[in-house]
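J.: Would you mind keeping the following structure in view while I ask a few things?
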Amino acid sequence: MFGKIIGDALKTTGDALRTTGDVAGSVVNAGGNVIDRATDIGRIGNRKIKGKVILMRSNVLDFNEFHSTVLDGFTELLGSGIVLQLVSATHVDRHSNDPRGKVGRRAYLERWLTSLPPLFAGESVFQINFEWDEEFGYPGAFYIRNGHTSEFFLKSLTLEDVPGYGKVHFDCNSWVYPQRRYNKDRIFFANKTYLPSETPDPLRKYREEELVNLRGNGKGERQEWDRIYDYDVYNDIADPDGGDKLVRPILGGSDYPYPRRGRTGRPQTRRDPNSESRLKSIIGLNIYVPRDENFGHLKMGDFLGYALKALSSNIKPGLQSIFDLTPGEFDKFKELHNLYEGGFPIPPNVFKTFTDGLTAPMFKELLRTDGERFLRFPVPQVIKDNKSGWRTDEEFAREMIAGVNPILIRRLQHFPPSSKLDPKVYGNQNSTITEEQIKNGLEGLTVDEAIKDNKLYILDHHDALMPYLKKINSTSTKTYATRTLLFLKADGTLKPLVIELSLPHPQGDEHGAISKLYFPAENGVESSIWQLAKAYVAVNDAGYHQLICHWLHTHAVLEPFVIATHRQLSVLHPIHKLLVPHYKDTMFINAFARQTLVNADGLLESTHFQSKYAMELSSYVYKEWNFLEQALPADLIKRGVAIQDSSSSHGVKLLIEDYPFAGLEIWSTIKNWVAAYCSLYYKDDNAIQNDIELQSWWKEAREKGHADKKDEPWWPKMHTIAELVESCTIIIWIGSALHAAVNFGQYPYGGFIPNRPTLSRRFMPEVGSKEYKELESNPEKAFLKTINSQMQCLLGMSLIEILSRHASDEVYLGQRASLEWTADKDAINAFEKFGEEVHGVEQRIMERNVNINLKNRTGPANVPYTLLIPSSTEGLTGRGIPNSISI
C-alpha cells in the first residue's frame, strides 16, 4: 500500500526529474577533479550494463509525517544526487602510472522500479545503467558519492550481465553519508573472496586503503558518520562530575584488567582527566559506534532499542518517584501473580512521568496500560503451567543444568570443598561440611564412593564473591557467599544435600570465613529457612550470571574481536565473511549497555546484589578468563562434568548424561562448518602463517583487544589450520549459542522474581528475633521482605523482559541475511549443508524434550529446555539462537 502511494506519485514527477537532473551541475570524480556532467554525457557510448540498486532512506523510522518525508526523499534520490563509478579488478588505466584498477564513468540512479517489491519494509529498488567498454574487464568494486544532505542505507548493487562475466553482485549493507562527511569516496567490493596474496593486482591498493580508513588515527571525538574502529578502556561507565557516588574504577589496564571496548573519543570529565564524559541519558541511543554497527531499522521499529532507552529515561525515575513517597513491599506471592493478570496500580499524578517523550506505539508496547494500571507482564514460563513447581528442590537443582545459568555447576572431586583464595590474606576459607552431615542423602554410599562414582556436584560461588562480600554488604545488600552440594540420583536428576552460607570474619579477612549450614526440610519453620537458603543461592547465581556469564563472558570478551576483524581483515577476506554475521549489533548493544545498564547507578547496579561493585567484581573474575576454555568441550571437561572419550560421537562423554545445556551437537555442527569453510581457502598451515591480514588480526585481538591478558601462554599461536578452526568456532559459539543459552531464558525463568531473586536485603533471621517470628507466622511475607523490593522487582522484570525478546529482523544460526553473501559456490554449498545440519539438531532436541526418561528436560515447572533450539519467531519465545549478540 505504502509503495503504491509513492509509486503513483512518482509516475507524474519522475520523468521530469530524470530529464533535468541528469544534465545539471558538476561533480568531483574519484581523483578529485571537477568534471562538467554535460561534457561527460557527450562521451557516452552505446553499450551499457544494466544494474539494480537497493537502498533505504534514513527517515524510514520517522513517526511524524512518515509518508510525505519518504515520498519527498525518493524523488530526491533520482537524477544527479547519487553517483556510482565501477572499478576494474583486472585492468589499470593504461594512460596512468597508478597501479590501481581503472575507474569507469559516472552513472546515476535512473528510475524507481516500483514493479519489483522490496525485500523489507522501507527498501526501494532503483535502476542504473553503466557505460561499458571492452578494456574495463571485471568490475571488482565501485565508488559511490552521496550528493544529498542526508544519509541512506545502501543494501546492494547487482549488475545483470557483465560481458564475459555474467551477473556480478555487491553486498553492501552500509550507511552512506553525504560526501562532505568523508575524506575519501566510499568504496564497495564485489562478493568475491580473496586471501591477501591472491587479490588481483588492480584491487590491492583499494583493499589496503579501505582498511587504513577503518582504523583511523586514534585522535578526536568520533561522529556518527565516522566508520572508525578503535580501542579504549572502560573509562566511560563512571560519572565523576555527577558526584562521589558515581565514581567507579577505570576497567582495563593497571589494577583492573578488562577487555577493551570501542573508542568514542568523547571529552574528558572535569574532575578526572582519565575518565570520559557521559552522554545525557535522553540521547542514549546516539552513543557512537560505527554506523553500520548500529541497530537496524526493524530492530528499532520493534521498539527494543527505544524500550531500553525508555526504561532508563522514563520508567526508572517514574518508579523511584512512586516508591520515594510510599515504599512498597509484596506481602504474598499472589500479589506477584497479579502483575501478570492485572498489572501494577499507579497514582494518576505520577503517570505523566512515565509517558513524557514516548510516542504512541512505544507507549502501547512498553507500558501496556489502560491508564490506571501499567506494566502488565506476560506470564513467565516457570509459573505458567505450575505455579509452585519452582519451589521444589528438584526444580532448584534442575535449573543448574537446564536453566538460564547452566554453565557453573561442576563435579566435586575432593571433599570437603576447598578454597583457592590465598590463606595469608583470607585465612581458612575451606568448607565446613562434614561427611556425617550429608551421609543420609548419599543413598547408601560413602563420600569417597560417591566421588568415585561421579555422584557429587557443587554450585560454588564462594571464592568469586568472598573477596568483595564485605564491600557489597556495606551497601543496602545483605547476602552471603554460597556453596551448594548436590547428589546425582539414579534417575539422572540432581538433589541438593546442603547449602553453606558464608560471611567474612568480623575481626578481619585473615581470620577466615564464618559459615552456617542449611539442610533440606519440608515442614515447619525449617522448611521456610530452607527456602530462604535456596533464595540466597539464587541471588548469588542471578548476579553472577548477569555480570559474569552473560555480560563479561559473551558481550565484553567478544567486542575486541569485532573491532580487530574490521580493522585488520578486509571485507574480501574469507574469515571476515565467516565471522561478521556473528558480530551484528554487538558493538551497539555494548555501547548502549555502558550508557544505561552497566554504568554507575545504572539498571544492573539498581537491580543486582553487587550494587556499585558490580563491574569491579567482573574485572576481578576476568583475571581467570581463558579464551580456549570458552570452547564447549573444554568448558565441560574443566568443570569435570565431562571427560575426553574418543569413542563418543563428539569426543567427549557427559558424566551427567541428561545435561540439556551441554549442546555438543550444536558445537560440533558449528565446528564442522568452520572447518569445511576454512579448507576452501587454506590448503596447508603455511597458508595460515603467510596470510598477513590474518596474522595482524590475531595479533591485534590479543595484544590490543585483550591487552591485559596478552602474555597468557594459552593463546593459540595462529600457525595452523586447526588453531584457526578452533578459534573461529569459539568466537561463533560465544556470539551465537552461548549467548542464547544465557540470555533468552532470563524472563522465562527470572520473570517470576522469587524463583531467581537478584538481591537480598537482610540476612537469615536468627532464632528469637522478630524476623524469625515473622518467618514462623507469615513465611511468604518474610521471604518477600528478604529479596527484591517492589520497585526492584518491577524494574528488573521490565529489563529482562526486553533482553529476552527477539526482534523481527533476527537472523538465526544456519541462516544469512543475504543469499549472495559470497560468489563462491563451494562456500554456498557448505553453508547450505550447515543449515541442514542445524535443522537436524533442532529436531533431535525437540525429540529429547518429549522423552519421559529424560527427566531434566522439563522438570516440575514443566518448562522444556528450548534455549538451544536454533529457530524462533519474534518476541518472547524462550528459544532461538541468533547469529550474534544483538540484545
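The values are calculated or read from the model by the stated rules, or taken from the named source; none is laboratory data. As the structure is a computational prediction, the values presented were derived from the model and not from experiment. Note that each Cβ is placed from the backbone with ideal geometry, even for glycine, and that neighbours are counted across all protein chains shown. Surface areas here come from the heavy atoms of the whole protein model, side chains and all, with no ligands, DNA or RNA. Shrake-Rupley method; radii C 1.70, N 1.55, O 1.52, S 1.80 Å.
J.: Would you mind calculating the relative contact order of segment 407-520 from Cα pairs under 8 angstrom and at least 6 residues apart, reporting the percent as a whole number? Let's see the in-between values first.
T.: On the way: 190 pairs, mean separation 31.1, N = 114.
With pairs under 8 Å counted, the relative contact order is 27 percent.
J.: Now a separate question. Report, largest value first, the span of the C-alpha coordinates of segment 407-520 along each principal axis, in whole Å.
T.: Cα spread of segment 407-520 along its principal axes, largest to smallest: 43, 28, 25 Å.
J.: What accessible surface, in Å², does a 1.4 Å probe find on D448, ignoring ligands, DNA and RNA and rounding to the nearest 10?
T.: About 120 Å², ignoring ligands and nucleic acids.
J.: Still on this structure, I have one more. Setting aside same-chain residues fewer than 8 positions from K280, which aspartates and glutamates have a Cα under 15 Å from its Cα?
T.: Those aspartates and glutamates meeting the cut-off are D236, D239, D241, D601.
J.: Something else: Less than 10 Å Cβ to Cβ from D331, Lys/Arg counted +1 and Asp/Glu -1: what total charge do the surrounding residues give?
T.: That works out to +1.
J.: Hey, another quick one. Counting Lys and Arg as +1 and Asp and Glu as -1, what is the net charge of the other residues whose Cβ lies under 10 Å from the Cβ of I499?
T.: Numbers: positive: R483, K516, K534; negative: E500.
Around I499, the charge tally is +2.
J.: Answer rounded, prolate or oblate for segment 502-646, using the Cα gyration tensor with square roots of eigenvalues a ≥ b ≥ c: rounded when a/c is under 1.5, else prolate when a/b is larger than b/c, else oblate. It would help to have the intermediate numbers written out before the result.
T.: Numbers: a/c = 2.40, a/b = 1.75, b/c = 1.37.
The shape class here is prolate.
J.: Right, something else. Considering the Cα trace of segment 645-696, what is its radius of gyration and what is Dmax, both in angstroms?
T.: 15.9, 45
J.: For segment 617-686, evaluate the Debye formula with one uniform point scatterer on each Cα (no solvent term) and list log10 I(q)/I(0) at q = 0.12 Å⁻¹, rounded to two decimals.
T.: Computed log10 I(q)/I(0) values: -0.45.
J.: Mind checking which lysines have their Cα closer than 19 Å to the Cα of K495? Skip sequence neighbours fewer than 8 apart in that chain.
T.: The reachable lysines, counting only those whose Cα sits under 19 Å from K495, are K439, K452, K455, K534, K855.
J.: For R111, R261, what's the largest-to-smallest order of accessible area, 1.4 Å probe?
T.: From most accessible down to least: R111, R261.
J.: Tally Lys/Arg at +1 and Asp/Glu at -1 over every other residue whose Cβ is under 15 Å from the Cβ of T446; what's the total?
T.: So the environment of T446 carries a net charge of -3.
J.: So, one more: How high is the FRET efficiency between E449 and S649 when r is their beta carbon distance and R₀ equals 41 Å, given to the nearest 0.05?
T.: 0.90
J.: Is segment 455-560 best put as rounded, prolate or oblate by its Cα gyration tensor, with a ≥ b ≥ c the root eigenvalues, rounded for a/c under 1.5, and otherwise prolate when a/b is larger than b/c, oblate when not?
T.: oblate
J.: Using alpha carbon centroids, what distance separates segment 634-662 and segment 395-469, in Å?
T.: 19
J.: Filter the GluC sites (Glu not before Pro) in segment 487-524 to those in DSSP coil with at most 16 other Cβ atoms within 10 Å of their Cβ, and list the result.
T.: Filter output for segment 487-524: E522.
J.: Can you list residues from other chains, or at least 5 along the same chain, whose modelled amide H is less than 5 Å from the amide H of D236?
T.: Amide H neighbours of D236, under 5 Å, 5+ apart: E276.
J.: Which order do you get for K638, K534, K424, K455 if you rank them by accessible area with a 1.4 Å probe, largest at the top?
T.: K424, K638, K455, K534
J.: Could you pull out the GluC sites (Glu not before Pro) across segment 414-444 that fall in loop regions by DSSP (anything but H, G, I, E, B) with no more than 16 other Cβ atoms inside 10 Å? Present the calculation step by step, with values, prior to reporting the outcome.
T.: Working: sites: E435, E436, E443; in loops: E443.
Qualifying residues, ordered by number: E443.
J.: Still on this structure, please answer the following. Percent of Cα-Cα pairs more than 13 Å apart in segment 471-526, please.
T.: For segment 471-526, the fraction of Cα-Cα distances above 13 Å is 71 percent.
J.: Sorted by accessible area with a 1.4 angstrom probe, largest first, how do R398, R805 fall?
T.: Highest to lowest solvent-accessible surface, that is R805, R398.
J.: Please give the solvent-accessible surface of L497 in Å², to the nearest 10, using a probe radius of 1.4 Å with every protein chain present.
T.: Here the accessible area works out near 20 Å².
J.: Exactly which trypsin sites (Lys or Arg not before Pro) in segment 706-738 are in a DSSP loop and have at most 11 other Cβ atoms within 10 Å?
T.: When the trypsin sites (Lys or Arg not before Pro) of segment 706-738 are filtered for loop state and at most 11 Cβ neighbours within 10 Å, K717 remain.
J.: Report the gain in length on full extension from E703 to N672: 0.36 nm times residue separation, minus Cα-Cα distance, nm rounded to one decimal.
T.: The span from E703 to N672 would gain 8.3 nm if fully extended.
J.: In percent, how large is the relative contact order of segment 481-572, given Cα pairs closer than 8 Å and 6 or more residues apart?
T.: 19
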